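Enquirer: Got a structure here, written out as structure tokens. Questions coming.
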Amino acid sequence: MTDHSPHGDLTVPVAPDTAACAAALEVATAYCSPALLNHSARSYVWASAYAAQRGIEHDAELLYVSALLHDIGLVAEFDSHTVDFDVAGGHVAWVFAAGAGWPAERRQRLSEVIVRHMWDTVDVREDPEGHLLERATGVDISGRHLADFTAGFQADVLARYPRAGLPDEFLACFQDQAARKPQSSPATSVRAGLADRVRANPLDHPAG
């Protein structure tokens, strides 16, 4: 499903109409801050729109649920002091999917997609949903691959899902994770200059 705001051949996607997608939104709304919730929603939008643009076949329900829950391991209620936040989020998502009645193989796929969003790259031929989420979160956090989308499309997305102070909140989360878990994926990102990339994201510095 899409809305009626076209920019070129792209429209702003909305959630697939399934019970699992509605439940994922309910969970994310209950536990995530407004900034983190909108980041999760935008991650689905960037991923779904890119897939439509490039003709990438994927499971829309799996992609949406993974996008909405991919950062659930950062929130206080599900923060883990023993494993990376993405791994913790994968476990939470597995439990969510079991409650949604998904078979074991599909639960595992959901967990994999969430863990892989922190990989540098995910091969689209092996894991289209993981590829799309990894690429989309890069767009939203650092502006990587932002040129895939027109300025008009970007403006429509931000109007619907405002940034709401995401850069400061996200960096604070990752810096906290890095300090407590120095071998974690957030620690690797922080050491690799995440703060500079986040603060330079063009999505937070609109032209004009």
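The values are calculated or read from the model by the stated rules, or taken from the named source; none is laboratory data. For clarity, every value in this text was computed on a predicted model and none was experimentally measured. Cβ coordinates were reconstructed from backbone atoms using ideal geometry, including for glycine residues, and neighbour counts include every protein chain displayed. With ligands, DNA and RNA removed, areas are computed over all heavy atoms of the protein, side chains included. Shrake-Rupley method; radii C 1.70, N 1.55, O 1.52, S 1.80 Å.
Enquirer: If each DSSP helix of 4+ residues adds -39,500 (n - 2.57) and the sum is divided by the residues in the chain, what number results at 222 nm, nearest 500 deg cm²/dmol?
Expert: Here the helix-only value at 222 nm equals -19000 deg cm²/dmol.
Enquirer: Ok, one more. Which value, in Å² rounded to 10, gives the accessible area of Val87 with a 1.4 Å probe and all protein chains present?
Expert: Near enough 50 Å² of accessible area.
Enquirer: From Cα pairs below 8 angstrom and at least 6 apart in sequence, can you work out the relative contact order of the range 101-185, rounded to a whole percent?
Expert: 16
Enquirer: Where in the chain lies the longest segment free of GluC sites (Glu not before Pro) that are both loop residues by DSSP (not H, G, I, E, B) and have at most 14 other Cβ atoms within 10 Å?
Expert: The reported range is 127-208.
Enquirer: Still on this structure: Over the range 91-204, what percent of the accessible surface lies on carbon and sulfur atoms, probe 1.4 Å?
Expert: Taking all protein chains in place, the range 91-204 shows 55 percent carbon and sulfur surface.
Enquirer: Follow-up. Taking only protein heavy atoms into account and a 1.4 Å probe, give the accessible area per residue of the range 48-206 in Å².
Expert: It amounts to 45 Å² per residue over the range 48-206.
Enquirer: Follow-up. I need the Kirkwood Rh of the chain: take the reciprocal of the average 1/r across all distinct C-alpha pairs and report it in angstrom.
Expert: Taking the inverse mean of 1/r over all distinct Cα pairs, the chain comes out at 17.0 Å.
Enquirer: Would you be so kind as to identify all helices of the chain, as entire DSSP H runs, whose Cα atoms reach 20 Å or more along the helix's own axis and whose mean Kyte-Doolittle hydropathy is at least 0.0?
Expert: 85-99
Enquirer: Want the number for Asp79 to Arg199: 0.36 nm per residue separation, take away the alpha-carbon distance, what's left?
Expert: Length difference between fully extended and current span is 40.8 nm.
Enquirer: Let me ask another. Using heavy-atom solvent-accessible surface (probe 1.4 Å) with all chains present, what is the largest-first order of Tyr31, Tyr161?
Expert: Per-residue accessible area, sorted high to low, gives Tyr31, Tyr161.
Enquirer: Might you report the magnitude of the Cβ-based charge dipole of the range 1-135 about its Cα centre, with Lys and Arg at +1 and Asp and Glu at -1, to the nearest 20 debye?
Expert: It comes to approximately 120 debye.
Enquirer: Sorted from largest to smallest, which semi-axis lengths in Å does the alpha carbon gyration tensor of the range 90-136 give for its equivalent ellipsoid, taking the root of 5 times each eigenvalue?
Expert: 21, 10, 7
Enquirer: Also, quick follow-up: Put one equal scatterer on each alpha carbon of the range 38-99, apply the Debye formula with no solvent term, and list log10 I(q)/I(0) at q = 0.22, 0.28 1/Å to two decimals.
Expert: Debye intensities relative to I(0), on a log10 scale: -0.88, -1.12.
Enquirer: In percent, how large is the relative contact order of the chain, given Cα pairs closer than 8 Å and 6 or more residues apart?
Expert: For the chain, the relative contact order is 21 percent.
Enquirer: Okay, next question. Based on the Kirkwood radius over alpha-carbon pairs, what is the Stokes-Einstein translational diffusion coefficient of the range 97-208 at 37 °C with 0.692 mPa s viscosity, in µm²/s?
Expert: 209
Enquirer: Please compute the contact order of the range 14-107 in relative form: average sequence separation of alpha-carbon pairs under 8 Å and at least six residues apart, divided by the residue count, as a percent.
Expert: It comes to 27 percent, rounded to a whole number.
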